[in-house]
Amino acid sequence: MEYLPNILFIILLGFGIGFFAKNVKKLTRNIKLGRDVDVSDNKSQRWKNMAMIALGQSKMVRRPIAGFLHVVVYLGFIIINLEVLEIIIDGISGKHRIGLSILPEAVYGFLIGAFEVLAILVFVSVTIFWIRRNIIKLARFWKSEMTSWPKNDANFILYFEMVLMMLFLVMNATDVHFQSLNTGNVISQYIASWFSGISENTLHVVERAAWWFHIIGILVFLNYLYFSKHLHILLAFPNTFYGKLTPKGQFNNLEAVTKEVKLMMDPNVDPFAAPAEGTENDIPAKFGASDVQDLNWVQLLNAYTCTECGRCTSECPANQTGKKLSPRKIMMDTRDRLEEVGKNIDANKGAFKEDGKQLLDNYITREELWACTSCNACVEACPVSIDPLSIIIDMRRYLVMEQSAAPVELNNMMTNIENNGAPWPYNQMDRLNWKNE
């Protein structure tokens, strides 16, 4: 019976980490469903972007209040959870506060004291976030795409963080030995007074309960991430590393189309000649994208990284003028469809079975796609380097090049360019008549 708590802890830890690893494997599989894309260039700039944007939160603080609170929660939550290492060692070894036997008492007290101060700051910051979301009701948190699950998901995370911080402080406050040291208990000493008059045995039970609930909460939170928008806690780092490095607003060109245009403009090429041997495979199976498998893996990584913060949508001029487009919804729909495809593969033993659905029309409407002005505001606003515009452009390409389903105005413009060499419906011989006016 002496080792039963250790055995239970090891089983719990193994199950929690195993389930997390299983979900990471599934996540990786889903992202790899996308087309391959080479993002191995300019690694020094990519490392810099990851350090500045993901670690340094440089884009978050552009909105000072939310940015500052987010930095507090981010740093506080990460630093406080360093004590999880001590909890894991204690749980496996059966020791209690093994840090005290490794570190000088003053150093240990300083660390735990810093953790306690951060815990209060995190609790206050999370409470303000909850008020902003549920009482003040900031408009970007209440757009049409923020249905019951996205709203509940955000609140669940806030509740998780509040409870974990309180469990940490209660665990310290009811630890008689720790409180007797009178070092590091800068916050918990005041909470300890709540339990005055309780017997030492009861305090031990409360401390052990807080300890167990704290570690169980950490493991539950870890595994909840896969199902939550807070997956960005982990994915923000690779997402910013693989983020777009080309100049703002620059579109990529389809290589097959570029080659075709160059051939058309080369006077030495015989237009009736058969394609050169081996070039048949240069033509893509599909131009643009109609489903998630047509997107590249970086775009799918973007979808999983989306924080649903709504900064992109709040900056979108189309959305501000009442259009149906919401860049946040584009990312949420892409992730939802990708999850659906992943479950389809799981249900069919590793093979995708056609389900009669796709990202285009079933999730993202054509009205949304054509409402985009391609201004790049959504990309600039995103705090973790997500690029909704690239998905919109790829889906537009599919509509134009595979279905000839561009709006009438765009079709007229392209016809004029083809016939007249300009977007306007004037004969090429009349193109300079304006100079005589």
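The values are calculated or read from the model by the stated rules, or taken from the named source; none is laboratory data. As the structure is a computational prediction, the values presented were derived from the model and not from experiment. With ideal geometry, Cβ positions are generated from the backbone for all residues, glycine too; neighbour counts draw on all protein chains shown. Just so you know, the surface numbers come from the protein's heavy atoms only, side chains and all, with ligands and any DNA or RNA stripped out. Shrake-Rupley method; radii C 1.70, N 1.55, O 1.52, S 1.80 Å.
In whole angstrom, how far apart do the alpha carbon centroids of the range 384-437 and the range 35-49 sit?
Distance between centres, Cα-based: 32 Å.
Counting Lys and Arg as +1 and Asp and Glu as -1, what is the net charge of the other residues whose Cβ lies under 14 Å from the Cβ of Gly421?
Neighbourhood net charge equals -1.
Would you kindly state how much longer the chain becomes between Asn427 and His96 on full extension, computed as 0.36 nm times their sequence separation minus their alpha carbon distance, in nm to one decimal?
Going from the current span to full extension adds 110.5 nm.
Give the accessible surface of the chain per residue, rounded to a whole number of Å², with probe radius 1.4 Å and ligands, DNA and RNA excluded.
55 Å²
Given the options Asn81, Asn427, Asn182, which has the most mean-square fluctuation in a GNM of the chain, springs set between C-alpha atoms less than 10 angstrom apart?
Most flexible of the set in this elastic network: Asn427.
Mean residue ellipticity at 222 nm from the helices of the chain, using -39,500 (n - 2.57) per DSSP H segment of n ≥ 4 over the full residue count, to the nearest 500 deg cm²/dmol?
-18500 deg cm²/dmol
If I model a spin label as a point 7 Å beyond the Cα along the Cα-Cβ vector, how far apart are those points for Val24 and Asp270 in nm?
Output for this residue pair reads 5.8 nm.
Once you order the gyration tensor axes a ≥ b ≥ c over the Cα atoms, which shape class does the range 195-345 get: rounded for a/c under 1.5, otherwise prolate or oblate by comparing a/b with b/c?
Taking the square roots of the gyration eigenvalues as a ≥ b ≥ c, the range 195-345 is prolate.
Tell me, for the chain, which Cys residues have no other cysteine's C-beta sitting closer than 4.7 Å.
Cys306, Cys309, Cys316, Cys372, Cys375, Cys382
Note the full-extension length gain between Asp346 and Ile136 as 0.36 nm times their separation in residues minus their Cα-Cα distance, in nm to one decimal.
Working it through step by step, the gained length comes to 71.4 nm.
For the chain, what % of the accessible area comes from carbon and sulfur atoms, probe 1.4 Å?
The value for the chain is 63 percent carbon and sulfur by accessible area.
Let me make sure I get this right: for the range 31-132, a, b and c are the square roots of the gyration tensor eigenvalues over alpha carbons, sorted descending. Under 1.5 in a/c it's rounded, otherwise prolate if a/b > b/c, else oblate. Which is it?
Here the range 31-132 falls in the oblate category.
Provide the packing ranking of 395-407, 97-109, 292-304, 325-337, i.e. peptides ordered by the mean count of other C-beta atoms within 10 Å per residue, highest first.
325-337, 292-304, 395-407, 97-109
Once the dipole of the range 21-153 is set up with Lys and Arg at +1 and Asp and Glu at -1 on Cβ about the Cα centre, which of Gly91, Ala51, Ser148 lies farthest towards its positive end?
Farthest along the dipole direction, towards plus: Ser148.
For a quick check, take a GNM of the chain with Cα springs below 10 Å and name the residue from Leu75, Leu164, Leu85 with the largest mean-square fluctuation.
Leu85
How large is the dipole of the chain about the Cα centre if only Lys and Arg carry +1 and Asp and Glu carry -1, each at its Cβ, rounded to the nearest 20 debye?
It works out to roughly 800 debye.
In this model, which of Lys32/Lys286; Lys137/Lys229; Lys26/Lys353; Lys43/Lys286; Lys26/Lys349; Lys59/Lys286 are farther than 24 Å apart at the alpha-carbon?
Lys43/Lys286; Lys59/Lys286
Using DSSP to call loops (not H, G, I, E or B), can you name the chymotrypsin sites (Phe, Trp or Tyr not before Pro) in the range 1-103 whose Cβ has at most 15 other Cβ atoms within 10 angstrom?
Tyr3
To the nearest 20 debye, what is the magnitude of the charge dipole of the range 141-294 about its Cα centre, counting +1 on the Cβ of each Lys and Arg and -1 on the Cβ of each Asp and Glu?
Result for the range 141-294 is approximately 660 debye, rounded to the nearest 20.
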